[in-house]
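First comes the structure, then the notes that go with it.
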Amino acid sequence: MKIPRRSRIGNAAHRQLQLDVYGELFDSIYQARKGGVASDENGWALQVAVLGDLEKRWREPDNGIWEVRSERQHFTHSKVMAWLRSIAASRASRRSGVDGAAQTIGGSCGRNS
């Protein structure tokens, strides 16, 4: 039996920027709330912090869902998922009745920004 001298374990995702995960995260939060999971101040504070980070980074190229190992690129999927987070977060804030959150959360990606 031949044993390879080197084999790669894992991937480089921990060093990659994947903007699509923001959309998936916020859609999951929206779906959870729609299904009856309650929100609280700490949850909203975390979401606002994550949204603030995305607002600064969503126009950057990323490694995409495909985790490319070459230079970062602008992937349509990543941009659409970043935009989805804006919609999901805005809907969630309206649904929960958080004052002013829908405007703050909903405006940062996709609308002339």
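Scan region 19-62 residue by residue and report those that are in contact with a helix residue (DSSP H, G or I) (Cβ under 7 Å, 6 or more places away or on another chain) and more than 15 Å from residue 90 (Cα to Cα). 19, 20, 58, 62, listed by residue number. Residues in region 35-59 that are assigned to a loop (DSSP other than H, G, I, E, B), surrounded by 12 or more Cβ atoms within 10 Å (Cβ to Cβ) and modelled with pLDDT of 85 or more: 58, 59.
In region 60-82, the qualifying residues are those that are of a type in the set (A, V, I, L, M, F, W, C) and crowded, with 17+ Cβ neighbours inside 10 Å, and the one that is modelled with the highest pLDDT is 75. If you filter region 14-43 down to residues that are more than 15 Å from the chain's Cα centre (by Cα) and touching a residue at least 24 places away in the same chain (Cβ under 8 Å), you find that the one that is farthest from residue 78 (Cα to Cα) is 39.
The values are calculated or read from the model by the stated rules, or taken from the named source; none is laboratory data. Model, not experiment: these values are computed from the prediction. Note that we place each Cβ from the backbone using ideal geometry, even for glycine, and neighbour counts take in every protein chain shown.
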